[in-house]
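The values are calculated or read from the model by the stated rules, or taken from the named source; none is laboratory data. Just so we're clear, the structure is a prediction, and the values are computed from it rather than from any experiment. Please note: Cβ atoms are built from the backbone with ideal geometry, for glycine as well, and neighbour counts cover all protein chains shown. Remember, those area values only see protein heavy atoms, side chains included, never the ligands or the DNA or RNA. Shrake-Rupley method; radii C 1.70, N 1.55, O 1.52, S 1.80 Å.
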Amino acid sequence: METLRELYRIGRGPSSSHTLAPDRASRIFLMRYPHADQYKIILYGSLAKTGRGHLTDKAILDVFPQEKTKVIFDTETQDIPHPNTMDFFAYEAGSEIGNNRIISAGGGRIQIFGEPPTASPFVYPHSSFTELKAHCQKEHIRLWQYVVNTEGYDIIVFLERIWAAMKNSVYEGLEAEGTLPGGLNVQRKAKYLYTQRHIDESPETKTSRLMCAYAFAASEQNAAGGNIVTAPTCGSCGVVPAVLLYAQNKHNFHDSEIVRALCTAGVIGNLIKNNASISGAECGCQAEIGSACAMAAAALAELYEMDMDQIEYAAEIAIEHMLGLTCDPINGLVQIPCIERNGVAALRAHSSFVLANFLTHTRKISFDLVVRTMKQTGQDLFSKYRETSEGGLAEMYKTQSEIENIK
């Protein structure tokens, strides 16, 4: 598995696959052909179908000289190697001088077709939770120690920056008001959730309200094109910081303890990324919000020093009950249902952690098994339920709007 530096990325929303990766790909291609007269970028698959709503063209044109660059949304071509495929062309005096086919593989990662992977080296020797758990139990170490032993102490310094960026995305979101861009006129709700105490509020209601406020805050920052941390993607960026910040504020956990939890969450995200997918275009929203939910549940279990079996069970419960979740953003915007979904997933992560504390000894399903199931489920999903905005809530909303306009 890859370094956690490939999983956690600080960058601009609203989509790791639709803005972070195209931004990276554009910078690489521009460095290769800096003196071209003209550039042409063709977007295919999910990038073509929801790229405008995800601001993909803006991410590209912010890198290339706009007057020399043409972005084409090709929604017809089907023979592509990945749902998030891009073709880059450079020209001088009307003649092509270079081209690259680049895949946005999820979580901001790119793969240049026909070239060795551009990602960091695979540094983790284990590729399943079963193998990893056996190693940790043999060495009498926790998951966060496994991360540090593998990557070196520098990973702690890196994750300290990641945690600071996560908190910043939440706190900025809690202060922001107004309407999110994109045309749906979605009002920011994080500040309202944070400040408006429920009448006769119980401790349980307060927990739900604050956790959702934190998740909404980061997600709304993402939808507005602000800086967030992929965990594991932009669209699911609110889940992990929401549960960890709530726990820190309530129980005064030190940042060093939170960083250990991020190590464990990263291992869970890496396992899903390695054995299934974290890309909504490949496996639907179960791959994004489901993965984030599993990461958050495992992070909480680590934070409270639960044992390895309990950490595994918390992550397994979290993702098992996200199986089949479709990616159907209205108008291709990472707003509806994405923002609320981050709040719901944060609450589910907390519930999964609580259940694991009591029921681990009764479990029948392993984390590895549920990850394989998620991959198969994603492959079986119709393409219109995988980040194309052609089915599900996106299509029903469009149909309803057309009927209302006729009336």
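Could you check, for the stretch 174-184, whether at least one of its residues is crowded, with 18+ Cβ neighbours inside 10 Å, at negative phi and touching a residue at least 40 places away in the same chain (Cβ under 8 Å)? Yes, the stretch 174-184 contains a residue that is crowded, with 18+ Cβ neighbours inside 10 Å, at negative phi and touching a residue at least 40 places away in the same chain (Cβ under 8 Å).
Suppose the filter is in a helix (DSSP H, G or I) and closer than 22 Å to residue 253 by Cβ; does residue 316 pass it? Taking the combined requirement at face value, the residue does not satisfy it. Residues of the stretch 1-53 that are touching a Gly at 6+ places or on another chain (Cβ under 9 Å), among the charged types (D, E, K, R), farther than 30 Å from residue 143 by Cα and open to solvent by 60 Å² or more (accessible area, probe 1.4 Å): 24, 32, 37, 49, 52. For the stretch 351-393, taking the residues that are of a type in the set (Val, Ile, Thr) and outside any loop (DSSP other than H, G, I, E, B), the one that is nearest to residue 297 (Cα to Cα) is identified as 354.
Residues of the stretch 54-93 that are open to solvent by less than 20 Å² (accessible area, probe 1.4 Å), among the aliphatic types (A, V, I, L, M) and either under 25 Å from the mean Cα position of the chain (by Cα) or under 16 Å from residue 17 (Cα atoms) (or both): 59, 60, 86. For residue 376, are the conditions met, namely being surrounded by fewer than 16 Cβ atoms within 10 Å (Cβ to Cβ) and at pLDDT 95 or above? The answer is yes for residue 376.
Which of the following residues is open to solvent by less than 80 Å² (accessible area, probe 1.4 Å), modelled with pLDDT of 95 or more, in contact with a strand residue (DSSP E or B) (Cβ under 6 Å, 6 or more places away or on another chain) and more than 30 Å from residue 101 (Cβ to Cβ): 162, 141, 156? Step through it out loud before you land on a result.
Numbers: 141 fails: in contact with a strand residue (DSSP E or B) (Cβ under 6 Å, 6 or more places away or on another chain); 156 fails: in contact with a strand residue (DSSP E or B) (Cβ under 6 Å, 6 or more places away or on another chain).
Sole residue among the options that is open to solvent by less than 80 Å² (accessible area, probe 1.4 Å), modelled with pLDDT of 95 or more, in contact with a strand residue (DSSP E or B) (Cβ under 6 Å, 6 or more places away or on another chain) and more than 30 Å from residue 101 (Cβ to Cβ): 162.
Scanning the stretch 349-367 for residues that are open to solvent by 10 Å² or more (accessible area, probe 1.4 Å), modelled with pLDDT of 95 or more and of a type in the set (Ser, Thr, Tyr), we see that the one that is nearest to residue 189 (Cα to Cα) is 351.
Report whether or not residue 191 is open to solvent by 30 Å² or more (accessible area, probe 1.4 Å), among the charged types (D, E, K, R), in a helix (DSSP H, G or I) and in contact (Cβ under 8 Å) with a residue 40 or more places away in the chain.
Numbers: open to solvent by 30 Å² or more (accessible area, probe 1.4 Å): yes; among the charged types (D, E, K, R): yes; in a helix (DSSP H, G or I): yes; in contact (Cβ under 8 Å) with a residue 40 or more places away in the chain: no.
So residue 191 fails the test.
Among the residues examined, residue 347 does not qualify as touching a residue at least 24 places away in the same chain (Cβ under 8 Å) and under 16 Å from the mean Cα position of the chain (by Cα).
Mind listing just one residue for me: the one in the stretch 94-108 that is open to solvent by less than 20 Å² (accessible area, probe 1.4 Å) and in a loop (DSSP other than H, G, I, E, B) and, of those, farthest from residue 7 (Cα to Cα)? Filtering first and then ranking leaves 108. In the stretch 205-235, the residue that is most open to solvent (accessible area, probe 1.4 Å) out of those that are more than 16 Å from residue 300 (Cβ to Cβ) and of a type in the set (S, T, N, Q) is 227.
Pull up the stretch 144-153, narrow it to residues that are within 14 Å of residue 262 (Cβ to Cβ) and touching a residue at least 12 places away in the same chain (Cβ under 8 Å), then point me to the one that is surrounded by the most Cβ atoms within 10 Å (Cβ to Cβ).
Restricting attention to the stretch 144-153, the residues satisfying the condition of being within 14 Å of residue 262 (Cβ to Cβ) are 144-148, 151.
Next, from what is left, pick out any that are touching a residue at least 12 places away in the same chain (Cβ under 8 Å): 144, 146-148, 151.
Details: 144: 22, 146: 20, 147: 26, 148: 18, 151: 19.
Checked the stretch 144-153; the qualifying residue surrounded by the most Cβ atoms within 10 Å (Cβ to Cβ) is 147.
Does residue 114 qualify as being closer than 26 Å to residue 282 by Cβ, small (Gly, Ala, Ser) and in contact (Cβ under 8 Å) with a residue 60 or more places away in the chain? So residue 114 does not fit the description; no. Selection of the stretch 134-157 for residues being assigned to a helix (DSSP H, G or I) and more than 25 Å from the chain's Cα centre (by Cα) yields 134, 135, 136, 137, 138, 139, 149.
Every condition in (1) free of Cβ contacts under 8 Å to residues at least 60 places away in the same chain; (2) surrounded by 21 or more Cβ atoms within 10 Å (Cβ to Cβ) holds for residue 251 except the one numbered (2).
If the condition is being within 16 Å of residue 246 (Cα to Cα) and surrounded by fewer than 24 Cβ atoms within 10 Å (Cβ to Cβ), then the stretch 289-307 contributes 303, 304. Restricting attention to the stretch 249-278, which residues are farther than 26 Å from residue 133 by Cβ and in a loop (DSSP other than H, G, I, E, B)? The answer is 252, 254. Looking only at residues that are of a type in the set (Gly, Ala, Ser) and within 20 Å of residue 391 (Cα to Cα) in the stretch 316-348, which one is surrounded by the fewest Cβ atoms within 10 Å (Cβ to Cβ)? Among them, the one singled out is 324.
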